[in-house]
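The values are calculated or read from the model by the stated rules, or taken from the named source; none is laboratory data. All figures in this text were calculated on a predicted structure; none of them were measured in a lab. A quick note on method: Cβ atoms are made from the backbone with ideal geometry, for glycine too, and the neighbour counts reach across all protein chains shown. We work out accessible area using only protein heavy atoms, side chains counted, and drop any ligands, DNA or RNA first. Shrake-Rupley method; radii C 1.70, N 1.55, O 1.52, S 1.80 Å.
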Amino acid sequence: MDNDPFALDAMCAMISAVSKDFYVMWGTGSPAVAIEHCHNPHTRPDALVLDMALGKNHGR
């Protein structure tokens with residue numbers, strides 16, 4: 001989960017490239033969507049990777 005779509009795409013690509021055993025189930029920039037996915041047993045991930053500065057502008 002990342003609010004920057006370019007960072008999200010890069011993060012998903014890097015995670016998928018680490019090992020054939022790793023795959024990205026879904027990606028989102030929305031905290032509400034992430035919560036929905038985490039509560040759904042069909043889309044619940046084993047691990048959730050997210051932007052720790054989600055929602056912060058950092059001068060951009």
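Could you state the accessible area per residue of the chain in Å², with a 1.4 Å probe and every protein chain left in place? Kindly include the intermediate steps, with their values, before the conclusion.
On the way: 4680 Å² over 60 residues.
So the chain comes to 78 Å² accessible per residue, rounded to a whole number.
Amide H neighbours of THR28 under 5 Å, at least 5 residues apart or on other chains, H built in the peptide plane: list them.
ASP2
Would you mind calculating the relative contact order of the chain from Cα pairs under 8 angstrom and at least 6 residues apart, reporting the percent as a whole number?
Details: 46 pairs, mean separation 24.2, N = 60.
Answer for the chain is 40 percent.
Report ³J(HN,Hα) in whole Hz for each residue of the range 20-28, in order, from the Karplus equation J = 6.51 cos²θ - 1.76 cosθ + 1.60 where θ = phi - 60°; Gly and Pro get x.
5, 7, 9, 8, 8, 6, 6, x, 7
Could you look at the chain and say what percent of its accessible area is carbon and sulfur, using a 1.4 Å probe and all protein chains? Kindly include the intermediate steps, with their values, before the conclusion.
Details: 2830 of 4680 Å².
Heavy-atom surface of the chain belonging to carbon and sulfur, 1.4 Å probe: 60 percent.
For the chain, which chymotrypsin sites (Phe, Trp or Tyr not before Pro) are in a loop by DSSP, counting at most 15 other Cβ atoms within 10 Å? Show your work: numbers first, answer last.
Details: sites: PHE6, PHE22, TYR23, TRP26; in loops: PHE22, TYR23, TRP26.
Those that pass, being in a loop and sparsely packed, are PHE22, TYR23, TRP26.
Report the extension gain between ILE35 and SER16 in nm, rounded to one decimal, defined as 0.36 nm multiplied by the number of residues separating them, less their alpha carbon distance. Write out the running numbers ahead of the final one.
Working: separation 19, 0.36 × 19 = 6.84 nm, distance 2.18 nm.
Gain on stretching ILE35 to SER16: 4.7 nm.
Through the Karplus equation 6.51 cos²θ - 1.76 cosθ + 1.60, θ set to phi - 60°, convert the phi angles of the range 6-12 into ³J(HN,Hα) values in whole Hz; use x for Gly and Pro.
Couplings: 5, 5, 4, 4, 5, 5, 4 Hz.
How big, on average over all directions, is the shadow cast by the Cα convex hull of the chain, in nm²?
Details: hull surface 17.5 nm².
Spelled out: convex hull of the Cα atoms, projected over all directions, averaged, 4.4 nm².
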